[in-house]
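Student: I'd like to ask you about the structure that follows.
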Amino acid sequence: MLIAQLSVAGEGDLYPLPPSDDSVDIDQTALDEFLAGQSNLPWVVFRAAHRAANFPALPARARAVLAALARTVDANRPYAAIFARRELLTGRAMQSMRTFYRSLDDLETAGLVERVPQKRFGTAGLFGRAYLHLTEKSAIVLGYVSHASGTQATGSDAFARHAPAAQPDGFVSTSVETLRPPAPSFNPPCVTVADGAIYKDLFPKNQKRQPGELPADLQRLLSLGFRQFLIFKLMREAKAQAKLLSDVVEATWEHLRNAKRPISYLRALLRSPVDFGHQIRAKRLAAEQLAEENQRAASVDATVLQCAAQMFVDTANTRLITVSSTADSISVHNYREARPRVATGQWATAFVAALNAKEIGPATPDQVTAFRLKCDENHANQTKAISTAEHAMPRTRTSTINDRLNEMKKMLRATCAGVSSDTRDVRTVETVEPNLTTGQ
C-alpha cells in the first residue's frame, strides 16, 4: 500500500535508523577473513598462528598475543628479535596496552617468550628498544622448529638452537614439567636517567631543590603560627639581606616568642642592619668559655678530693702542705715559721696548678722527717741569734724615760687613793708652772 511506504508516511524523518559503527564491522570483517583463511600468509605462519590461538595451557589474552607474535616473527629466524612496535602487536591481538602487558607476563611465566632488558647506546648515551624473543618451547609449539631433529622446519641459520627431545608418538609434550615457568628474565632498568628530549639525571646529587623538612632550629617557628612554605620564603629573604634566618631566630627568640605579631616582627628584624651573626658568635664564645671554666673547676674539685688527708712538699723541701680530710682547706708550714698557716678560699686552683707543674709532690716519710729537722735547726739558730743580740746591746735608761715613768707612777697612786681628776689637774699645773718660770 502507498500509505505505508516510507516516502508517503515519512517515517524516516520521524524515526531515523540508528547509526552504524564502522569500527565494529571492520574488526569483525578482519576476524572473519582471518578465521576463513583468506589472509595471505604462508602455510608455516598460518599453522603457527592457529596453534597459538588454540594453545590450551594459556588464557585467551595470552593466546591472542602469542598468535600475533607468530604472525610477526620471521619464520626462517624464529629466535631473532621481533621488530614490531607495541601498537602493531596490540592491533593484531585486539587488546589494550595494559592487557597486552598482562599477556606478556603470562607468556613469560609460561616460558614462551623472553624479554631482553633495554640496552643503551654507549656513544649517544640513550636507551634503545627492548625486543621480544621466542623461546625454544614456543618455537617447538608453534612449529617453527622440528621436534624430531632439533632443527628448524623451514631452514637453519645462525640463530637455530637445540630443541628438547620429542615424545615417541611425535606429539609435543605440554605436560606440567614442560610448561613449568622458568625464572623471570626481564629486570627493570636500574638506571636513573630519562630518554629522549628529557635526557637528564633524575636524581642528581648536587641539585638545588627545596628540602622536604625544615631545619631543626627553625621548627619552633611552627608553634608561633608560621607555615612551612612561609619559613622557606623567609629564609630566602634573609639570604637576600646577607643574613641567616637561624641566627636571627636564635638571637631574638625570647622577644619573638612574646611578640603579638611574630611574622611582622621577624620581617622587620630581617630588614634591620643589626649583625645577628656576631651576637650569636659572641654568645657561643661566652658559652664555650663558661663550659671550659666549669669543666676546669670540676677537674680541680676532683683532684682536690683525691688529695684529701695527704701531705705534700715542694721541690726545695722548704714548705710542708697538709690537705684537710674534708678537702676544704690546707695548712702551709714554712720551715722559717714556728707554726703553719691555714689557707682558705680560692686556694684549690693554685694548689692544683702547682701540682700539675711538678712544683710540689706527695711527701714521703723521709721527706717529712727531714723537714721537721730543718724546722728545729732553724728555730735553734733563731733563738741563738736573739740571745746574742740581747747580750751585745746594753740596757741604758735616759733621764727622760725616768721622768716619764715617775709621772706614770704618781698618776697610778693617785688613782688608787681616790683623788679626783680636778685635783690631779691642779697639782699637775702647779708642778708644771715652776718648771716654766725657771726655764726648765
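Values quoted throughout were computed directly from the atomic coordinates according to the rules given, and no laboratory measurement underlies them. Computed from a predicted structure; not experimentally measured. No Cβ is skipped: glycine too gets one built from the backbone with ideal geometry, and neighbour counts run over all protein chains shown.
Student: For each of TRP347, TRP253, count neighbouring Cβ atoms within 10 Å of the residue's Cβ, then give the residues from fewest to most.
Tutor: Details: TRP347 17, TRP253 14.
With the fewest neighbours first, TRP347, TRP253 line up as TRP253, TRP347.
Student: Counting only residues 5 or more places away or on other chains, whose amide H sits under 5 Å from the amide H of LEU244 once H atoms are built in the peptide plane?
Tutor: Hits under the 5 Å cutoff: none.
Student: Sort VAL342, VAL65 so the one with the fewest other Cβ atoms within 10 Å of its own Cβ comes first. Before the final figure, lay out the partial values.
Tutor: Values: VAL342 12, VAL65 28.
In order of increasing Cβ crowding within 10 Å: VAL342, VAL65.
Student: Now for a separate question. Order these by the 10 Å Cβ neighbour count, fewest first: SER146, SER96, SER103.
Tutor: Values: SER146 16, SER96 11, SER103 26.
So the ranking, lowest neighbour count to highest, is SER96, SER146, SER103.
Student: May I ask for the net charge around LEU285, where only other residues with Cβ less than 15 Å from the Cβ of LEU285 are counted and Lys, Arg are +1 while Asp, Glu are -1? Intermediate results must be reported in sequence, preceding the final value.
Tutor: Working: positive: ARG281, LYS283, ARG284; negative: ASP247, GLU250, ASP275, GLU288, GLU292, GLU293.
Once all neighbours under 15 Å are counted, the net charge is -3.
Student: Still on this structure, please answer the following. Taking segment 251-405 as the region of interest, what is the percent of Cα-Cα pairs per 5 angstrom bin, listed from the shortest bin to the one with the maximum distance?
Tutor: Final binned percentages: 1, 7, 10, 11, 9, 7, 6, 6, 6, 6, 7, 6, 5, 3, 3, 2, 2, 1, 1, 0.
Student: Using the Kirkwood radius over Cα pairs, work out the Stokes-Einstein diffusion coefficient for segment 216-280 at 25 °C and 0.890 mPa s, in µm²/s as a whole number.
Tutor: Values: Rh = 11.7 Å.
The Stokes-Einstein estimate is 210 µm²/s.
Student: A follow-up question, please. How charged is the neighbourhood of ASP217? Take every other residue with its Cβ under 11 Å from the Cβ of ASP217, and add Lys/Arg as +1 and Asp/Glu as -1. Spell out each step's value before the answer.
Tutor: Working: positive: ARG220; negative: ASP247, GLU250.
Computed value for this residue: -1.
Student: Then there's this: Loop-only chymotrypsin sites (Phe, Trp or Tyr not before Pro) in segment 46-85, please: DSSP not H, G, I, E or B, and at most 13 other Cβ atoms within 10 Å. Don't skip to the end; give the middle numbers.
Tutor: Numbers: sites: PHE46, TYR79, PHE83; in loops: TYR79, PHE83.
Loop-located and lightly packed - PHE83.
Student: Work out Dmax and Rg for segment 307-391 from the C-alpha atoms and quote the Rg first, both in angstrom.
Tutor: 14.8, 49
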